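Working notes for the structure below.
The values are calculated or read from the model by the stated rules, or taken from the named source; none is laboratory data. This structure is a prediction, so every number in the text was calculated from the model and none was measured. Neighbour counts are summed over all protein chains in view; Cβ atoms, including those assigned to glycine, are modelled from backbone coordinates with ideal geometry. Accessible surface areas use protein heavy atoms only, side chains included; no ligands, DNA or RNA. Shrake-Rupley method; radii C 1.70, N 1.55, O 1.52, S 1.80 Å.
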Amino acid sequence: MSAPALDVAAWASPWRRHSPGDKVLLSLGLVISALVLPPWPASLLVTLVALGLMLGPGRTPAHLLRRAARGPAAFIVLGTVTIAITWRTDGFGPTVTDESLGNAAQTLAHAIAGTSSVMLLAATTPMTDLLAWARRRGVPEAVVDVAGLTYRLLFVLLESIGEVRAAQTARLGYTTRRATLRSATTLTAATLTRAFDRSRRLEAGLAGRGFEGVMRTLADQRPSSRTFVAATLAMLAAVSAISLALPW
Amino acid sequence: MHIAEGYLPPLHAAAWTVAAAPFVVHGARCVVREVRERPESRLLLGAAGAFTFVLSAIKLPSVTGSSSHPTGTGLGAVLFRPPVMAVLGAIVLLFQALLLAHGGITTLGANVFSMAVVGPWVGYGAYRACLRLGLAFPVGVFAALSLSDLSTYVVTSVQLGLAHPDPTGGVLGSVGEFLGIFALTQIPLAVAEGLLGVLVFRVLARIAPDELSSLGL
Amino acid sequence: MSGEIEVTGLSFAYTGGPPVLHQVDLKVATGSRLAVLGANGSGKSTLLRCLSGALRPTGGQIVIGGNELSHTRAGLREHRHRLQLITQDPDDQLFSASVREDVSFGPVNQGLTDDEVRARCDEALDLLAATHLAERPTHQLSFGERKRVAIAGAVAMRPSVLVLDEPTAGLDPAAGQEATAALDRLHAAGTTLVMATHDVDLALAWADEIAVLTAGSVTQGAPAVLLDDDHTLATARLRRPWVLAVAARLGLPPDTVRDEASLLAALSPGA
Amino acid sequence: MSGEIEVTGLSFAYTGGPPVLHQVDLKVATGSRLAVLGANGSGKSTLLRCLSGALRPTGGQIVIGGNELSHTRAGLREHRHRLQLITQDPDDQLFSASVREDVSFGPVNQGLTDDEVRARCDEALDLLAATHLAERPTHQLSFGERKRVAIAGAVAMRPSVLVLDEPTAGLDPAAGQEATAALDRLHAAGTTLVMATHDVDLALAWADEIAVLTAGSVTQGAPAVLLDDDHTLATARLRRPWVLAVAARLGLPPDTVRDEASLLAALSPGA
């Protein structure tokens, strides 16, 4: 499994210098606008703003964005089809009506707008910045520490899973259903024992650097920008005004 | 099976978040207490969270021939108990939303409720019930993994059905539709996941007996 | 089974990226030993993964023993009977609880009978001098032992070509010698061996031919020639093997020395 | 701060097991470089872990800069200001996905102010030539880069002694050179360096003194003497560094050569 596209984008993003809190406000503001405002044109506007900010000032590479969108696209399409299909009034068999199509279209618009807005945060803010921000916002230290370690170790484990799976594939481990189940079993058990082993070795490694229960580090402060916040609020106000004044 | 961002109306999103919150807060208290008593358990919990995340990179055999993946909530519940899984599950779902655009922020509450609360509790409940009934350990593990997988999918279908009632069939009709669409893939997958769990514990009993006993198994 | 390797015009690029391999040609005779040398980023591991079938080349073809690698399910399955890749970290290849279980993984998947599987395991463990490890749990083995068991797991599938990434890296001298001794036995058994390595001294001492990778292109030739060539060494960012450096300083012909023993012999008062 | 190491009568055995270290004496002057050599199972990593305070010896004492290591909480804390151990796998030490946060962990635990912590991080990253990595995530770094960042995390605590287990293992030649260049800068800054290694050639080229571990006992001495001594090499299962083998054959005095460059210089027609 290659590194998640959004993670790669976030660490290279020029928007990393902006405060995570400011970007959370922007992203959540867009998500909520898309959800509560009349879907047309709010969803369209939100999608355009989110994509425009990502590809414009956020300078997210388009190929990473395409790669990141592939995962959610499958589910969004499947869910939309499910909503579009309805029961015939006589109760026998599926059909498609104007109303069900309208519902499906509206949900599709919401999903695209919402996913784009979340991706705006995800593609410009590395997880460690968000966790440092959460710590300052009063999320319990223990939970933030566990989340931080989860984030670090998941890449270590992903790498090892990828390598082990490649080795199993090379030895014909996924050719039959029985072989697949056997491979999945050994892969799961091996991954779990590696996870335990990693945590023990990391504990020993950290003990040498004075780990006595507190996991504090010097996190970079990324101060909130009044301009950024003001621009965000103005943009959200504009989206709301347009959507309320010109509903389709 | 994650509900994507934008799929739930604001009220639904809020309601599911409120429903999931007490479990996550309770789990967070457990984690804080655990870490206060044994500081190094941070590392074990972090590794457990990472393990839960990467389980979705493991391929399971499926009927259709396409690949599918274990949900892992049942395995986590047996290994680490439901309260802790509520927190680890919430962290993993947040990471999946932000690293993979899988799931969402406003739908996080609903996803946490089905995958990090109902799934683990149903699985753990089934596991305990089996043991209490005097059934063998592998039966309990099979029940835990397959039922937590199934219950997660039923709850997700209900969440989607409530949010998008069918114009003619109403809520029941749409729940049925979602159940029907996912049943094809999900029931065999639940069986495969249950089977996987039994085999994994058999291997673990041989290669990691100390770890299992330290987890109280 | 013939273990001849013929690679022609092999190219590879990751989606959206620059070419990693560019029109690579490679020819290895059945039963011979090729060392692949190249700095990090030269495309070495990409080449290995193309050879193993894990990566699908964007151009060119790979022919093993007259059979062209095709990236269909059946094609890959056949290819894996012919060629096995052993990566650097043995832990990536050892996933079962005990050594015998692990070594039997490939043969079982090949659909052999129990007796055949057992025979293959015994043979592979014997070739790797690991018979005494068969009943041990994998996690109790030393690094060098794990490395040998990982090779045994591939050997048990009886491939005609074995590709090894840095088989001696991280081993202490004794374990390194055991690993090269095992490779010698596989060579004697007729297996075609391809080894990727950073170690120019090892490549000179071990290989029949070498392939030097520079920015995705390959130059293939005799070890004593290529590893003594200033231009090749400089562009591939390799250092000259020390025996060749010493031989050059002392005016010995480069093709008479290939390792410490032969150099010392050439220097000996009686020579 | 003085980085003198004095180990006297150090013994260690796991509960119920045979002695792993037996009456080990070791003396390293401030600012000098010691290479610890020994085959697998000779007690090398046990010695390193005793030095770091992670294992509690069953006998003997360890004195760093005049301060005896005491296994109390406060004693261990002080000891870690003086001595830092870097293990072989950098993933055992890197717990944060952010390089800068990871390097800051030790100094923050030392109770320094934010400004001091920042200065320590910058200094450590600079010494390890890793400043350009500070804003990169750990999981995007190569093995060699992760290794340097792990060393930076220890260096940021400004220990007077740095103990490294196989710092060049698994690195390609270029990354290996970067690692040894970083060690040279630490040496120039006055840090006492102890390196455990399998590589006799590296030990001869790099170390001021070497300590050879054989079955839990230590022989300490000059590299050119110990590594040219048949008895020591045989009992410790080490091979003779090739420059010494060549020098012996050519009748050059062993203490005039320590690496390829000095050997070639000694062989040059003008010499």
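A few remarks follow.
- Its relative contact order, with pairs defined as Cα atoms under 8 Å and 6+ residues apart, puts chain C at 24 percent.
- Inter-copy label distances for D:ALA234: 4.7 nm (label point placed 7 Å from Cα along Cα→Cβ; shortest first).
- Accessible carbon and sulfur surface of the stretch B:94-217 relative to its total accessible area, %, 1.4 Å: 73
- Result for chain D in a Gaussian network model with C-alpha springs under 10 Å: among D:ASP89, D:ASP114, D:ASP228, the largest mean-square fluctuation is at D:ASP114.
- When the Cα positions of C:GLY106, C:LEU48, C:HIS187 are compared along the charge dipole of chain C, C:LEU48 comes out farthest toward the positive end, with charges on each C-beta of Lys, Arg, Asp and Glu.
- Of all lysines in the structure, those lying under 20 Å Cα to Cα from D:LYS27, and not within fewer than 8 positions of it along the same chain, are D:LYS44.
- For the pair C and A, the buried accessible area comes to roughly 1700 Å² in total, with a 1.4 Å probe and the value rounded to the nearest 100.
- Counts of other chain beta carbons within 10 angstrom of each beta carbon in peptide C:80-93 average 4.
- Taking a sphere under 15 Å around the Cβ of B:ALA101 and counting the other residues whose Cβ falls inside, with K and R at +1 and D and E at -1, yields a net charge of +1.
- Pair A:LEU55, D:THR30: separation of 7 Å Cα→Cβ label points (nm): 6.4
- Residues of type lysines that B:LYS59 reaches as a straight line, Cα spacing below 28 Å, ignoring anything fewer than 8 places off in the same chain: C:LYS147
- Here, the stretch C:115-250 is characterised by an Rg to Rh ratio of 1.04, where Rg is the alpha-carbon radius of gyration and Rh the Kirkwood radius.
- In this calculation the C-beta distance from C:ALA174 to A:ALA62 is compared with R0 = 41 Å, giving a FRET efficiency of 0.15.
- Ranked packing of D:94-101, A:40-47, most packed first, by mean Cβ within 10 Å: D:94-101, A:40-47
- Subtracting the Cα-Cα distance of C:ASP208 and C:ALA13 from their residue separation scaled by 0.36 nm leaves 67.2 nm.
- For C:ASP126, label point 7 Å along C-beta direction: distances to other copies, nm: 6.4
- Accessible area that becomes buried as B packs against A, both chains, 1.4 Å probe, Å², nearest 100: 6300
- Cα principal axis extents for chain D, largest first, Å: 59, 48, 31
- The convex hull built on the alpha-carbon positions of the stretch D:21-70 has an orientation-averaged projected area of 3.9 nm².
- Looking at the stretch A:125-248, the accessible area is 41 square angstrom per residue; that uses a 1.4 Å probe and ignores ligands, DNA and RNA.
- Over chain A, the Kirkwood radius and the radius of gyration, each from Cα atoms, give a ratio Rg/Rh of 1.06.
- Overall dimensions of the stretch B:75-217 as given by Cα atoms, namely Rg and Dmax in Å: 16.6, 57
- Mean separation of Cα contacts under 8 Å (6+ apart) over length of chain A, as relative contact order %: 35
- Among B:SER151, B:LEU179, B:LEU99 - extreme Cα towards positive end, dipole of the stretch B:56-215, charges at beta-carbon: B:SER151
- Per residue, the stretch B:87-197 exposes 32 Å² of solvent-accessible protein surface, assessed with a 1.4 angstrom probe and all protein chains in place.
- Base-10 log of normalised Debye intensity for the stretch C:27-102 (one unit scatterer per alpha-carbon) at q = 0.12, 0.28 Å⁻¹: -0.43, -1.38
- The stretch C:131-186-the stretch A:132-198 distance, computed between alpha-carbon centres (Å): 26
- Carbon plus sulfur fraction of accessible area for the stretch C:1-143, probe 1.4 Å, in percent: 49
- Most tightly packed first, judged by the mean number of other beta-carbon atoms within 10 Å of their residues, the peptides A:8-17, C:127-136 read A:8-17, C:127-136.
- Set the Cα radius of gyration of the stretch C:199-243 against 2.2 N^0.38 Å, with N its number of residues, and you get 1.01.
- Peptide B:107-119, shielding by other chains (average Cβ, 10 Å cutoff): 0
- Shape metrics for the stretch A:33-163, restricted to C-alpha atoms - Rg then Dmax, Å: 19.5, 58
- Over 21 Å [Cα-Cα, the stretch B:39-153], rounded percent: 38
- Volume in Å³ per residue [convex hull over Cα atoms, computed for the stretch D:63-157]: 103
- Rounded to the nearest whole angstrom, the semi-axes of the ellipsoid equivalent to the stretch D:217-271, taken from the Cα gyration tensor as √(5λ), stand at 24, 10, 8, largest first.
- Copies compared at C:GLY221 - label distances in nm, ascending, label defined 7 Å from Cα in the Cβ direction: 4.5
- Dividing the Cα radius of gyration of the stretch A:160-248 by its Kirkwood radius returns 1.36 for Rg/Rh.
- Paramagnetic label zone (point 7 Å from Cα along Cα-to-C-beta, C:GLU135; backbone N under 19 Å) in the stretch C:93-114: C:97-104
- Net charge of the neighbourhood of C:ALA134, taken over other residues with C-beta under 15 Å away and scored Lys/Arg +1, Asp/Glu -1, is -1.
- Other residues within the sphere of radius under 10 Å centred on the Cβ of B:THR71, judged by their own Cβ, net out at -2 (K and R +1, D and E -1).
- Take every DSSP beta bridge whose two residues both sit in chain D; close to 50 percent of them are antiparallel.
- For the stretch B:98-153 versus the stretch B:1-60, the spacing of their alpha-carbon centroids is 12 Å.
- For the stretch C:98-146, the calculated P(r), taken from all Cα-Cα distances in 5 Å bins from zero up to the bin holding the longest distance, is 5, 23, 31, 23, 13, 5, 1 percent.
- Charging the Cβ of each Asp and Glu at -1 and of each Lys and Arg at +1, and nothing else, the dipole of the stretch D:151-218 about its Cα centre rounds to 300 debye.
- Among D:VAL155, D:VAL28, D:VAL225, residue whose mean-square fluctuation peaks in a GNM of chain D (springs only between Cα atoms under 10 Å): D:VAL225
- Taking one quarter of the surface of the C-alpha convex hull of the protein assembly as shown gives a mean projected area of 43.7 nm².
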